[in-house]
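In what follows, a single structure is set out as C-alpha cells and then discussed.
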Amino acid sequence: MLHRSKATAGVLAATLFASLVGCTASPTPAPSDSGAPGDSGEPVTITFQHQFNDAQNAAIEALVASFETEHPEIKVELLRDNDSSYYDKLVTQITGGAGPDLARIEPVRSPQYIAAGWALPVDDVITDVDSYITSALEPVLSDGKLYGVPLDVEGLALFYRTDLLASVGYDKAPATWDELTDAATKLTKDGNHGIGLFGGWGAFEFYPWLWQAGAEMLNADGTEAIFNSPEAVAALQYWVDLQKTVMPPGMATATEDDLKGPFVSGSLAMLTSGPWMVPAMSEAGIDGKWAIAPLPAGKQAATVLGGMDLLVLKNSKHPEQAKAFLAWLMQDDNVKQYYAAIGGLPVKSTLYTDPAFAEDPNVVAFKEVLEQAKSRPTVAASGDIDAALGEAVQAALAGTATPQEALDAAVAKANEALQQ
C-alpha cells in the first residue's frame, strides 16, 4: 500500500501483539552498545528496515550516502522489504530478540509497538518537537515521551476534473456533501461516473467521512469503540448510496490504481487521494484540467492524517548510532531534500514558509487539507480497530451487510481488542 499507512493489520502481527502486549509492563531497556568505533577501527553498521517506494528509496539512499560521508564512523544498511508480510516478519524478529535498529512503521501500529515496549524513547535527540505538525506526532507520543518521529505526512484531498465539473455548473470543487451528491449525479451518465470512493485500502479512505458526520471512533478515554453511532452509520450509508448511484461498480475491493486511469481519461470526475498522486497527474497530459481541494464537509470539515513513522527498536545493538542517524535525518535541510526528491509534504510545519514549498501550488493546496487532518486512534489496539473498520466498509459497499450490521460487528471486534 506504499507509504500511506492504509494496509490492514496482519493476522500474525495482531495475534503476536495480543499475546505479548498484555504481559509487557514497561519498555525493555536497550542492549548495551557494543562494537563502538575504535574497538576494531571499523565503522558501526546500523540497519534500517522499510517499505519505501522507488522514489522514496532513491531519496533515502542519497541521504544515507551524505550521512556516511559526514559520519564515517557509522554505516547505514537499508533493508527494503515491500512484501505484504513485512509487519508479520518484523514482529517475529522483534519477539525473537532480533530485528533492525530502525524501522518504518504505520502510525496505526506505532502505539502497539510502544505499548509492547518495542520502541526506545528518542526525545533525547529530537529536541525540536514544536516544529512538527502536531497531529502527526500523536501516534509516537506516550506518557509525555517521544518514541519516534513521523517521516512522511499526508492527508486525503479531493482530486477533481475542473473541465468536467465546469460542464455541470461548478467552477470550483463541491464544498459540502449535498453539493458533492448534486455534481456527481449530474456527471454520472453514458458510462461515466461522478466519484470513486473505495474500500480496497481498508478504513483509511472512510475515516474523514465518519468524522465529518460527527462520529468518533472511541469514547473520551479511549477504552470503548463507539463507531456504530447513528452518525457513523449515516456516514457509511452515504457511501453505500453513492455506490448505488454515482460510483463505478466494485468499490468494495477497488483501490486507487483502479480509478487513476478513468480519472485521467475523463470517465471519472472525482476521487480522493493524497500528495502521492500529484507526480502521476503532472505527467498524465491533463494539465489545466484537474485540481485539488479539501474534502466536501458534512456536519464539519475533516480529513485523515496519513504518513509513516520511524522508530528506534528496543533490540537495537547500536541505539546511540541509530538515534544519531535519526536526528541527522530530521534536520531541516535533510527534510527539505527528502521532500524535494519525492514531491511530498514536509512533516515540519515550520517549513511551509520556505520558498521551496510556499511557491508550490500543490503544497499550498495540501497545507489547507492538513489543517483539517485528524489522527487515527492512537491506542495500543489501534491496528485491530483499523482493520475492523475496514472490514465493515467493505461489507457495506459489497452489500453483504447493512451499514448498521457491519459497524456493529466491527465495534464488537474493536472492543474485544481493547479489552485485551
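Quick one: work out the % antiparallel among DSSP beta bridges in the chain, nearest 5.
Antiparallel bridges: around 60 percent, rounded to the nearest 5.
Non-local amide H neighbours of residue 271 (under 5 Å, H modeled in plane, Pro and chain starts lacking H): which ones?
Here 159, 196 satisfy the definition.
What angle do you read, to the nearest 10 degrees and between 0 and 90, between the alpha-carbon axis of helix 382-398 and the longest principal axis of the chain?
20 degrees
Mind listing the long-range amide H neighbours of residue 132? Cut-off is under 5 Å, sequence gap 5 or more, other chains count too, H placed in the peptide plane at 1.01 Å from N.
349
Here are some values of semi-axes √(5λ) of the Cα gyration tensor in Å: (1) 40, 21, 19; (2) 50, 42, 21; (3) 37, 26, 17. Which one was computed from this structure?
It is the value labelled (3).
For the chain, with the dipole built from +1 on Lys and Arg beta-carbon atoms and -1 on Asp and Glu ones, taken about the Cα centre, which of 389, 275, 250 lies farthest toward the positive end?
Farthest towards the positive end: 250.
Can you give the calculated 222 nm mean residue ellipticity of the chain, where each DSSP H run of n ≥ 4 adds -39,500 (n - 2.57) and the sum is split over every residue, rounded to the nearest 500 deg cm²/dmol? Before the final figure, lay out the partial values.
Numbers: 17 runs with 172 residues, N = 420.
Helix contribution divided over all residues of the chain: -12000 deg cm²/dmol.
With +1 on the Cβ of every Lys and Arg and -1 on the Cβ of every Asp and Glu, and nothing else charged, how large is the dipole of the chain about its Cα centre, in debye rounded to the nearest 20?
Rounded to the nearest 20 debye, it is 740 debye.
What do you get for the angle between helix 403-419 and the principal long axis of the chain? Use alpha-carbon atoms, 0 to 90 degrees, nearest ten.
20 degrees
Between residue 282 and residue 189, what is 0.36 nm times their sequence separation minus the Cα-Cα distance? Round to one decimal in nm.
Separation in residues times 0.36 nm, less the Cα-Cα distance, equals 30.8 nm.
Using the basic label-point model (7 angstrom from Cα toward the beta carbon), what is the residue 412 to residue 166 distance in nanometres?
A separation of 5.2 nm, rounded to one decimal place.
Starting from the Cα of residue 359, step 7 Å along the direction of its Cβ; do the same at residue 93; then give the gap between the two resulting points in nm.
Each label point is offset 7 Å from its Cα along the Cβ direction, giving 4.1 nm.
Exposed loop GluC sites (Glu not before Pro) only (DSSP loop, at most 11 other Cβ atoms within 10 Å): please give the longest stretch of the chain free of them, not including the sites. Could the numbers behind the result be given before it?
On the way: sites that count: 283, 359.
The longest such stretch corresponds to 1-282.
Work out how much length residue 42 to residue 78 would gain on full extension: take 0.36 nm times their residue separation and subtract the Cα-Cα distance, in nm to one decimal.
11.1 nm
With label points built 7 Å along Cα→Cβ from the Cα atoms of residue 336 and residue 85, find their separation and express it in nm.
4.4 nm
Which angle from 0 to 90°, rounded to the nearest 10, does the C-alpha axis of helix 256-265 make with the longest principal axis of the chain?
Roughly 50 degrees, rounded to the nearest 10.
Here, each number is a calculation from the coordinates, and none is a lab measurement. Keep in mind that this is a model prediction, so the values were computed, not measured. Don't worry about glycine lacking a Cβ; one is built from the backbone with ideal geometry, like all the others, and counts go over all protein chains shown.
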